[in-house]
Each structure stands twice: as C-alpha cells, then as structure tokens.
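Take a look at the structure below.
The values are calculated or read from the model by the stated rules, or taken from the named source; none is laboratory data. All figures in this text were calculated on a predicted structure; none of them were measured in a lab. With ideal geometry, Cβ positions are generated from the backbone for all residues, glycine too; neighbour counts draw on all protein chains shown.
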Amino acid sequence: MRFTRLSAVFLLLLTSCASLSREPAEAHDPVRGEQVFRANCASCHGERGRGDGASVLSGAVPAIPNFTDPTTMTVHTPTEAFTVISEGRLDKLMPPWGSVLSEIDRWAAAAYVISLRAAPIEAAPMAEVSGVFRGQVLNGTAGGDLAPDTTVALHGMDSEMNETLFELALVQPDGSYQFENVPIRADYAYMITALHRGAVFTSDVISGDPSTAQIDLPVTVYDTTSDPAAVTLDVFVLQIAREMRAVRITQVINVANAGDHAFIPDEGLIPLPENAEILNRDELIVTQPILPGGDHLMRVVYTLPYSGTLDVSIPVAYPLTSPAELMLAPDTFVVSGEGWQDRGGGVVFGHPVEAGGTLSFTLTDPPAANANDSTLIALALAVIGGGLVGLAGYGWFKMGRR
Ligand code: HEC
C-alpha cells in the first residue's frame, strides 16, 4: 500500500520535469507500468527489476542493470528509458519494443522502471519491539540509604538526540524500578536519571537493541554534601588578553571531588576578583552535583578595568594542588609578584594555594615593543595554546551542563 502511494508521489514529481517530452498522462499509472513490465520485461530484468530474471539466471542474457540501484544504470529519466525501450540495444541483447508495445505502454514501462529506484528509500521500517526497562538504584555513599521519595525517569533519544520518550516512575522500597511497554529501537539511545535528595544522577547511556526486550540499567546515586573538605582544584589556567582600558581574563578551572558524597556547593563554584564583569554568565549554571571521583571543568570569562597597572587578586575557594598558569601574548603585559615564574613562551607559572587563599599578581605595561622572529613564534604558540585550552574548557562545560 505504502509502496504504491510512494510510487505515485514519485511519478508526480517526475511529471513536472518530464512534461517537455510529451509524456502522456496514462503513463503516470503505476499499475499499468507494472503490468507491462511483468508481462514483457521480467523474464530478463526480474520481477522487481533487480536484473535477476530467468533468462539472466540461465545465462542466456549476460549481466544486466539493477533498476533498484541507480549506480548500475545508464538511464536516469523516463525519457531516456523510453528511448532505450523503444529502440532497444540489440548489440547488448535488450530488444526494441517500438513496434511491439503501444507508445503509452512504453511510457508506462519507462516511468515504472525509473520509479523502482524509489523502493530502497522506503526500506523496511525500523524494527521496534516493546520492552521492559528495570534496574536497581544504589546509594554509592558509604552507609547511605535511599530516600523514600526517590524517583526515576526513562529518557529515549532519537538519532538526532531529540528526546522522544520520557516516563517517570517511583522507586520501590527495595530500590528497584521498572518501565513496561517501552518501544525499543536500534536508532534510539536510552538513559535513566534518578532524583535523589534533590540531586539528579544519571545511568550509562545505552543504545537500543530490538533483540533484547529486557534491559537492566542500574543507577548509582549518592548522598550530597556542601562541605568542600574533599574538593580540590587541579587546573587553574588564566588566559590574559588586552582590551581597551581593560584586561580580559579567561579562567579555566577543574574542580575535583575525592570524597564519597556528591558535592553541591552552597554558593558559586568560582569566586572572582572584585570589579570582575562576567561575559559568559549563562554558561556558568551548574545543575549537576560533582560526583565522587569526578570533576567539573569550568570556564569563566571576565574583564577587569585597567589603566597602566593592575593588582589582580583572585580568591581560591578550594585548595589549588598544582601551580596556576598565566598565558599571555608577548608584549601585552609584564607579570610580577611573589612566587610567579616566567618560563618563556608566554607562560608564567604560579604556585599551589590553600583553600581560602588568593592568587595575586600585578600586570603592568611592557617596555616599548621590539618584535622579532622569536616573539612572533611565541605569540603564535600562545595564541594556539590559548585557543586549545579555551575550546577544551568550552566543550567540557557544555557536557557538564547536560
Ligand atoms: C531479452 C532480455 C530483455 C528483455 C525481455 C528486456 N530487456 Fe531491457 N535490457 C536488457 C539488457 C541485456 C539490457 C542491458 C543493455 C546494456 O547493457 O546496455 C537492458 C537494458 C534496459 C534498459 C536500460 C538500463 C540502463 O540504464 O542501462 C531499460 C530502461 C530496459 N532495459 C527496459 C526494459 C523494459 C521496459 C523491458 C520490457 C518492455 C525490457 N527492458 C525487456 C535485456 C532485456
């Protein structure tokens, strides 16, 4: 049924471009085309035009084009097919039908032959079975239990990552959950999220497999804490650029959680210097807790007013375990301050800082510019390096926010 409708649509589309060739209206009747084809052509071209008719299989006629695969064909329009059908290619054992079939029948056969290539487009519909998702919600915090109001959601995403499925269920007292009658398709991806004590936790993402109708997908949740005792910063990179009467700082930090509670900070994760004007505020909403053993890479971009010299003082919320790094293009600023070490190439290293401390340095104008090859190379390196760090931070941050 669908095939006929599709063929009709296809033929309608053909009509518009074939009208120049004076193709008669009757030719648009796919039933007529199919009848002509079965009666006269299938012995060589095969019932479905795949080039596997009896005469080909017996070896009487050599290899022959497959009408469902346009790459094997030399004709691409009904008009071209009409010509071959009418005149034949006797040297290749394709008979001429000009004096055997009426013009209308040849047009109908031509349109039918061309329409066959539409068949693969509506290939078998995606297999779908009705399945069951079940699994166990476990609390991964030592000694932790499950809150009685823990709920789970089943998410199904199609190949374009649109959410096509969303169902909610309450977790049973024994920690199990179940979703029934879930459409399972190979082009879908599935994920369970659990809402536990105000925080959202996610399972693995799996792809659908219609041969498995019973899917076991566990989710680990944790108790949460706002106590940062187990939280450290292991990346702290500042890319510093010059603007009109301002310094633009791109600050990339990685917040790591070594504890066994999921960490949700009471206030923002990134304390900033006074006067900082944030340029990417909408990127900074953290909705997910930082899991035990996990981390959050974040990027914040801000400007500070500058007039020839600037004391920068950045609060550090959690212990900074590795030296901070400042990345500057040459001849933009000179960095000074205790504990800072310029190792060339536009990178200045700082030092570890305790929680509640500050990273402090002073920016001043460089001595009169004196560009030579090595500063140009350093500039290129700094720009490339800075770009990479910016991108990594950005990509990660987008992931972290999902
Ligand atoms: C005796 C076998 C035979 C019969 C019967 C036959 N054909 Fe063919 N046909 C061939 C062969 C062989 C070719 C390949 C010619 C070539 O290689 O150029 C061919 C080629 C074609 C082509 C060109 C395909 C392309 O793109 O190269 C069309 C269109 C075609 N046939 C339509 C028909 C139609 C419509 C009928 C029935 C009315 C029909 N044929 C009957 C053997 C046959």
message: On the basis of being in a strand (DSSP E or B) and not small (Gly, Ala, Ser), does Ile270 make the cut?
response: no
query: Looking at the stretch 138-153, is at least one residue over 38 Å from the mean Cα position of the chain (by Cα) and not polar (S, T, N, Q)?
result: no
message: Suppose we filter Pro319, Pro292, Pro330 for residues that are touching a residue at least 12 places away in the same chain (Cβ under 8 Å) and in contact with a Phe, Trp or Tyr (Cβ under 7 Å, 6 or more places away or on another chain); which single one remains?
response: Pro292
Every residue from the stretch 273-302 that is assigned to a loop (DSSP other than H, G, I, E, B) and at pLDDT below 85: Asn280, Ile285, Val286, Thr287, Gln288, Pro289
task: Kindly provide the set of residues from the stretch 41-68 that are surrounded by 14 or more Cβ atoms within 10 Å (Cβ to Cβ), in a loop (DSSP other than H, G, I, E, B) and near the ligand (Cβ under 10 Å from one of its atoms), ordered by number.
output: Cys41, Gly49, Gly51, Gly53, Val61, Ile64, Pro65, Asn66, Phe67
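In the stretch 105-162, which residues are basic (Lys, Arg) and at pLDDT below 90? Walk me through how you get there before you give the answer.
Initial filter on the stretch 105-162 (basic (Lys, Arg)): 106, 117, 134.
Once the filter is applied, which keeps residues that are basic (Lys, Arg) and at pLDDT below 90, the stretch 105-162 yields only Arg117.
Select, from Thr71, Thr77, the only residue that is surrounded by fewer than 18 Cβ atoms within 10 Å (Cβ to Cβ) and without any contact (Cβ under 8 Å) to a residue 40 or more places away in the chain. Spell out how you get there, then give the answer.
Details: Thr77 fails: without any contact (Cβ under 8 Å) to a residue 40 or more places away in the chain.
None of the others qualify; the one that does is Thr71.
Of the residues Gly345, Gly390, which single one is surrounded by 14 or more Cβ atoms within 10 Å (Cβ to Cβ) and at pLDDT 50 or above? Walk me through it before giving the result.
Working: Gly390 fails: at pLDDT 50 or above.
After ruling out the rest, the residue left standing is Gly345.
Out of curiosity, is Leu12 assigned by TED's automatic domain parsing to the domain that holds Ser115, over 16 Å from Thr79 (Cβ atoms), at pLDDT below 80 and not hydroxyl-bearing (Ser, Thr, Tyr)? Break it down into steps so the answer makes sense when it comes.
Working: assigned by TED's automatic domain parsing to the domain that holds Ser115: yes; over 16 Å from Thr79 (Cβ atoms): yes; at pLDDT below 80: yes; not hydroxyl-bearing (Ser, Thr, Tyr): yes.
It is true that Leu12 is assigned by TED's automatic domain parsing to the domain that holds Ser115, over 16 Å from Thr79 (Cβ atoms), at pLDDT below 80 and not hydroxyl-bearing (Ser, Thr, Tyr).
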statement: Residue pairs qualifying under the 7 Å Cβ cut-off, at least six apart or on distinct chains, with the first in the stretch 179-195 being closer than 14 Å to Gln214 by Cα and the second being among the polar types (S, T, N, Q) and buried (at least 22 other Cβ atoms within 10 Å of the Cβ), are none
query: What are the pairs, 6+ residues apart or on separate chains, where a residue within the stretch 31-54 that is closer than 18 Å to Pro70 by Cα and in the same structural domain as Tyr112 (by TED's automatic domain parsing) has its Cβ under 6 Å from a residue that is in a helix (DSSP H, G or I) and more than 9 Å from the ligand (Cβ to nearest atom)?
result: Gly49/Leu116
statement: Within the stretch 193-241, residues modelled with pLDDT under 90, charged (D, E, K, R) and within 17 Å of Glu180 (Cα to Cα) come out as Asp209
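Does any residue of the stretch 108-125 turn out to be part of a loop (DSSP other than H, G, I, E, B), over 30 Å from Met191 (Cα atoms) and either more than 9 Å from the ligand (Cβ to nearest atom) or outside the structural domain of Leu217 (by TED's automatic domain parsing) (or both)? Full working, then the answer.
Here is the first cut: in the stretch 108-125, the residues part of a loop (DSSP other than H, G, I, E, B) are 123-125.
Going one step further and asking which of them are over 30 Å from Met191 (Cα atoms), we end up with none.
There is no residue in the stretch 108-125 that is part of a loop (DSSP other than H, G, I, E, B), over 30 Å from Met191 (Cα atoms) and either more than 9 Å from the ligand (Cβ to nearest atom) or outside the structural domain of Leu217 (by TED's automatic domain parsing) (or both).
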- prompt: Which members of the stretch 296-315 meet the condition of being farther than 12 Å from Gln251 by Cβ and surrounded by fewer than 21 Cβ atoms within 10 Å (Cβ to Cβ)?
  reply: Pro305, Tyr306, Ser307, Gly308, Thr309, Leu310, Asp311, Ser313
field: Filtered residues of the stretch 69-104 (kept if assigned to a helix (DSSP H, G or I), more than 40 Å from the chain's Cα centre (by Cα) and either near the ligand (Cβ under 8 Å from one of its atoms) or more than 20 Å from Pro30 (Cα to Cα) (or both))
entry: Glu80, Ala81, Val84, Ile85, Glu87, Leu90, Asp91, Lys92
